[in-house]
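Trainee: There's a structure below that I have some questions on.
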Amino acid sequence: MISCNNQYLQAVVQYLSVLEEEQVEPKQINGKETYQFRCPFCSQYSRSARSKKNKHGRLVRTGDNSWIYSCSRGFSNE
């Protein structure tokens, strides 16, 4: 049985994969499972096409069913 949180996570990852036009795969960063992608909140504010493609958005697993979103650019308050 898949938990409700896992269903939401899979829906978000699928949505991000469509935005990225490629499969978003989890990576291990600092020992934590992390999904990296273009930030859906601030990538539109980037000035160059190259910087729009940089993956600054992250979903980081902090517990069994808890995740934190962060953006390393800091352009958005979201």
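Trainee: Restricted to segment 18-57, and to residues that are touching a Phe, Trp or Tyr at 6+ places or on another chain (Cβ under 7 Å) and part of a strand (DSSP E or B), which residue is farthest from N5 (Cα to Cα)?
Mentor: G57
Trainee: Quick check on segment 1-17: of everything there that is open to solvent by less than 80 Å² (accessible area, probe 1.4 Å), part of a helix (DSSP H, G or I) and not aliphatic (A, V, I, L, M), which residue is farthest from R58 (Cα to Cα)? Before you say what the answer is, go through the steps one by one.
Mentor: Taking segment 1-17 and keeping what is open to solvent by less than 80 Å² (accessible area, probe 1.4 Å), we get 3-6, 9, 11-13, 16-17.
Filter again for part of a helix (DSSP H, G or I), leaving 4-6, 9, 11-13, 16-17.
Those still in the list that are not aliphatic (A, V, I, L, M) too: 4-6, 17.
On the way: C4: 21, N5: 17, N6: 17, S17: 13 Å.
My answer is C4.
Trainee: Can you report the number of residues in segment 26-42 which are modelled with pLDDT under 85 and open to solvent by 60 Å² or more (accessible area, probe 1.4 Å)?
Mentor: So the count comes out to 2.
Trainee: On to the next question. Count, please, the residues in segment 43-68 that happen to be closer than 18 Å to G31 by Cα, open to solvent by 70 Å² or more (accessible area, probe 1.4 Å) and at pLDDT below 85.
Mentor: 2
Trainee: Taking Y45, is it free of Cβ contacts under 8 Å to residues at least 40 places away in the same chain and within 15 Å of the chain's Cα centre (by Cα)? Show your work before the answer.
Mentor: On the way: free of Cβ contacts under 8 Å to residues at least 40 places away in the same chain: yes; within 15 Å of the chain's Cα centre (by Cα): no.
It is false that Y45 is free of Cβ contacts under 8 Å to residues at least 40 places away in the same chain and within 15 Å of the chain's Cα centre (by Cα).
Trainee: Which condition number does Q23 fail, the rest of (1) more than 20 Å from R73 (Cα to Cα); (2) open to solvent by less than 100 Å² (accessible area, probe 1.4 Å); (3) polar (S, T, N, Q); (4) at pLDDT 80 or above being met?
Mentor: Q23 satisfies all of (1) more than 20 Å from R73 (Cα to Cα); (2) open to solvent by less than 100 Å² (accessible area, probe 1.4 Å); (3) polar (S, T, N, Q); (4) at pLDDT 80 or above except (2).
The values are calculated or read from the model by the stated rules, or taken from the named source; none is laboratory data. Worth saying up front: this structure is predicted, and the values here are computed from it rather than measured. FYI the Cβ positions are ideal-geometry reconstructions off the backbone, even for glycines, and counts take in every protein chain you see. Note: areas computed on protein heavy atoms with side chains; ligands, DNA, RNA excluded. Shrake-Rupley method; radii C 1.70, N 1.55, O 1.52, S 1.80 Å.
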